[in-house]
Amino acid sequence: MSGFAIRNPALAAKLARNYAEMFDGQTPVSQRVSITVGDQTLELTHAETGVTHSWPLDALRSLPDQAASNTLVVARGDDHTGRLVIRDIEAARAILNAAPDLPPLRGPRGGWRRVGIIGMAAIGALAGILFGLIPIMADQGARLIPPDAEAALGQTIYTQIHGAGDTLECIATPGLEALEKMQRRLMAGTDLPYPLNIRVVLDPAINAFALPGGHIILNSGLIDAAGTPDEVAAVLAHEIGHVANRDGTRAVLRSVGSFGLVGLAMGDVFGGSIIAGLGRGVLDSSYSRAAEERADAYAVTMLQGAGVSAGALASFFERLQASGQDMDLGVFQHLSSHPDTLARITAARAADTGAGQPILSPASWAALQGVCGQTTAPGADR
Amino acid sequence: MSILKTDFGGDRGDLFQLALKTGLLTVITLGLYRFWQTTRLRRWYWSAIRIGDTPLEYTGTAQEKLSGFLMAVIVLAFYLAAFNAVAMFTAIRLTEGAPDYLTWAMAATPLALIPIIFMARYRARRYIMSRTRWRGIRMGMTGGAWGYAWRACLYWTLTILSLGLLWPVMTFRLEKYLTDRSWFGDAQFLQFGGPGMLYGAVAPFLVMLWGCFALVIAAVITGQALYGWGLLLTVPLTLLAAISYRVMSIRLLAGMKTLGNGIEVDIAPHAGRLIRINILGRILTGLVVGVVSPVVLGIVFGLIYLSGTYDPAMLVAPPPTIAAVLAIATWLTVFVLYGTCQHVFVTFPMVKHIGETFELHEPTLLRTVRQRARADGRDAGGFADALDVGAAF
């Protein structure tokens, strides 16, 4: 106020006063108040009624992430719903001088504790459902499915995998006869709820699959890679193990049962589907590990029953490991779904009694190796 | 003065910084920060909307949103598992040589979620209302999520069965259900009027919709592709008419809402303006993402070059690690930029336009309104988050 000298002290005090808009937290009515900064409190005096409210200075809070730069909203951090809206720069300065580091308003206490407790519960519930409830459900479901429906399901999946037209089915008659011979010798004395339906497809990947309902697919790459017919028989026995245990059906039922569950935890995160996919992979491989070990054990028993050396399984695993494809043999090609190849070799070797005679004659073995001499489009139910 | 008008006091630059910063944090924390991002952006938008010079205030917290989300995950996990089990065993029982039960059971799961989605939307709205304050007074909503869910399912069924003729009935009844359960302090919002007032607004949309049906039927019966080409014209027009109906119905319904003892609220957005904002905003977003992403990718590539791991053969067959680095860098850049630009170019102008049309009549009656008690957050909109049916922010 340069140039003026105000003689009337009451008028001077009035001019120097700072004003703000107060909301008392009880009614939505704006109250014009003058601000006086005290030692511990902010004195807010109603401009018309003269009623004074005192707000403790250490309870004053600022609101975070505010858009408007020309308005300061001051809250109280002590559960009081009142608000002070300050538009005047002088008034804002007076308050910031009195409470220099106006801390931001926080939510109620105990928020993190709650997050922790519910977070643990959520992890526990999801794990319980995915690893406990759904596998049990799938086992029950697999027991209830009529064998006919299971076989039809396997056929549908086979058509889904190989029906696109790229792959060819190998159907040279001598080769199929050799395969039949191998199957008969392995299956002697074994009873399955449905007939086996073994097919060879033209695919260089060293792999074999067991689908629901007795459908087994051998890739031609597997027959090419095998050193002896016994090795093919060992893989076939392993896949028959999956059929006997209904692992394919169970895998399908598990995926029906867990549908939508893994994606749930991801919510609307970016790339949620990618993470969900990884989650599924981990889930599947953990389900399958036990199934693979069971199928291995089944194969060893089956080979011994057929009088074939159980060492064939071990030597095939060794061959796989040498070719660098040791992760790639299993139900539905699930990555890393097989137990450590090394452990399986050891287990299969341990079961090897040394005795045994080749499962096929050299002539039949040659015929099997030539099964892809004649091919056809897949899909036909033989 | 007997009208309180609204102005929007936010700055795009501020919003850009906030959206970019929170977007980056969301990416770095693998999505965990998104609850904080939503909360902080809501606080920002709320504070920018000033009704009669007093800003709105958003008082929700990220922790309660995260807890609510986790709780929703637990509930939904059990619900889905139970539903899947029932669907699976039913399908197995029904199977008589028909192999399709797998697809059958899979298709049923989304159906099971439809009522849950309506329930989630009601609860998300309820949470947002309970965390909104104006002039220190809380807004709020009473319970009724399940009532909303079954009504929404019923009205949607009726609308579909009547080929859209009952659409205004659905719009009105659902809006009335929501409005009559909304409160400002101890003052209740009420929706007056009836479905009849919406038929004028819905007419162009219904005509267009039936035009689309007619073209599809004609194409199928006559087998002439010409009718199919007609859809190229009628489908976009139908969508525009749908947006126009949505916006007009909001205006018409708002004109028949009251608050407490005779306070009136009004909101009058323009459909044309909103459509323009959306088209322009999306083009701008596309341009920025398209121009900036290659620059960021160039910098990443430059860093790889400078780090000495570069080798001309990489252009033909990039090693997996480097390909992964480039792919992740691209994806994250596009994700963060897209989200930020959506806020700056689409959400910001839309909220600004809609907000600025809000009016409150007879503000002197506000002195009859009193504070309401604080509502607990419960799921804090967690069901909507888990099912990804949340709003833009």
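The values are calculated or read from the model by the stated rules, or taken from the named source; none is laboratory data. These figures come from a predicted structure and were not determined experimentally. Note: ideal-geometry Cβ built from the backbone for every residue, glycine included; neighbour counts use all protein chains shown. Accessible surface areas use protein heavy atoms only, side chains included; no ligands, DNA or RNA. Shrake-Rupley method; radii C 1.70, N 1.55, O 1.52, S 1.80 Å.
Observations
- Top-ranked residue in the stretch B:56-86 [being over 27 Å from the mean Cα position of the chain (by Cα) and open to solvent by 10 Å² or more (accessible area, probe 1.4 Å); ranked as nearest to B:Arg43 (Cα to Cα)]: B:Ala82
- Among the residues of the stretch A:358-375, those that are closer than 14 Å to A:Glu177 by Cα and crowded, with 17+ Cβ neighbours inside 10 Å comprise A:Ile359, A:Leu360, A:Ser364, A:Trp365, A:Ala367, A:Leu368, A:Gln369, A:Val371, A:Cys372.
- Sole exception among (1) exposed (fewer than 12 other Cβ atoms within 10 Å of the Cβ); (2) small (Gly, Ala, Ser); (3) under 22 Å from B:Arg372 (Cα atoms) for A:Ala10, by number: (3)
- Of all residues making up the stretch B:16-47, the number that are at pLDDT below 95, crowded, with 18+ Cβ neighbours inside 10 Å and of a type in the set (A, V, I, L, M): 1
- Selection of the stretch A:89-111 for residues being of a type outside the set (A, V, I, L, M, F, W, C), assigned to a helix (DSSP H, G or I) and closer than 25 Å to A:Thr36 by Cβ yields A:Glu90, A:Arg93, A:Asn97.
- In the stretch B:32-64, the residue that is nearest to B:Asp379 (Cα to Cα) out of those that are more than 8 Å from every other protein chain (Cβ to nearest Cβ) and aromatic (Phe, Trp, Tyr) is B:Phe35.
This table checks each residue for (1) of a type in the set (Lys, Arg); (2) free of Cβ contacts under 8 Å to residues at least 60 places away in the same chain; (3) more than 9 Å from every other protein chain (Cβ to nearest Cβ).
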| site | (1), (2), (3) |
| --- | --- |
| A:Arg106 | yes, yes, no |
| A:Arg109 | yes, yes, yes |
| A:Ala127 | no, yes, yes |
| A:Leu130 | no, no, no |
| A:Pro135 | no, no, yes |
| A:Ala138 | no, no, no |
| A:Pro147 | no, no, yes |
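- Members of the stretch B:1-15 found to be within 11 Å of another protein chain (Cβ to nearest Cβ) and either in contact (Cβ under 8 Å) with a residue 12 or more places away in the chain or crowded, with 19+ Cβ neighbours inside 10 Å (or both), listed by number: B:Leu4, B:Asp7, B:Phe8, B:Gly9, B:Gly10, B:Arg12, B:Asp14, B:Leu15
- Checking each residue in the stretch B:256-280 for being of a type in the set (Gly, Ala, Ser) and open to solvent by less than 40 Å² (accessible area, probe 1.4 Å) picks out B:Gly260, B:Gly262, B:Ala268, B:Ala271.
- Residue in the stretch B:224-246 that is open to solvent by 60 Å² or more (accessible area, probe 1.4 Å), within 23 Å of B:Lys5 (Cβ to Cβ) and under 24 Å from the mean Cα position of the chain (by Cα) present: no
- The residue of the stretch A:54-71 that is farthest from the other protein chains (Cβ to nearest Cβ), among those that are over 50 Å from the mean Cα position of the chain (by Cα) and open to solvent by 20 Å² or more (accessible area, probe 1.4 Å), is A:Leu57.
- Residue pairs whose Cβ atoms lie under 6 Å apart, separated by 6 or more positions or on different chains, with the first residue in the stretch A:10-27 and away from chain B (no Cβ under 14 Å) and the second at pLDDT 90 or above and outside any strand (DSSP E or B), do not occur.
- Criterion violated by B:Tyr79 - all others in (1) modelled with pLDDT of 90 or more; (2) assigned to a helix (DSSP H, G or I); (3) more than 8 Å from chain A (Cβ to nearest Cβ) satisfied: (1)
- All conditions but one from (1) closer than 25 Å to A:Gly107 by Cα; (2) at pLDDT below 90 apply to B:Gly97; the one that does not is (1).
- Any hit, the stretch B:365-379, residues being open to solvent by 40 Å² or more (accessible area, probe 1.4 Å), more than 14 Å from every other protein chain (Cβ to nearest Cβ) and either over 25 Å from the mean Cα position of the chain (by Cα) or not polar (S, T, N, Q) (or both): no
- Enumerated strands (runs of 3 or more DSSP E) restricted to the stretch B:126-184, each holding at least 3 residues that are more than 14 Å from chain A (Cβ to nearest Cβ) and either in contact (Cβ under 8 Å) with a residue 12 or more places away in the chain or open to solvent by 30 Å² or more (accessible area, probe 1.4 Å) (or both): none
- Exactly one residue out of A:Val74, A:Val85, A:Val51, A:Val33 is more than 55 Å from the chain's Cα centre (by Cα), open to solvent by less than 20 Å² (accessible area, probe 1.4 Å) and either within 13 Å of chain B (Cβ to nearest Cβ) or modelled with pLDDT of 90 or more (or both): that is A:Val33.
- The stretch A:97-126, subset aliphatic (A, V, I, L, M) and open to solvent by 40 Å² or more (accessible area, probe 1.4 Å), residue nearest to the chain's Cα centre (by Cα): A:Ile123
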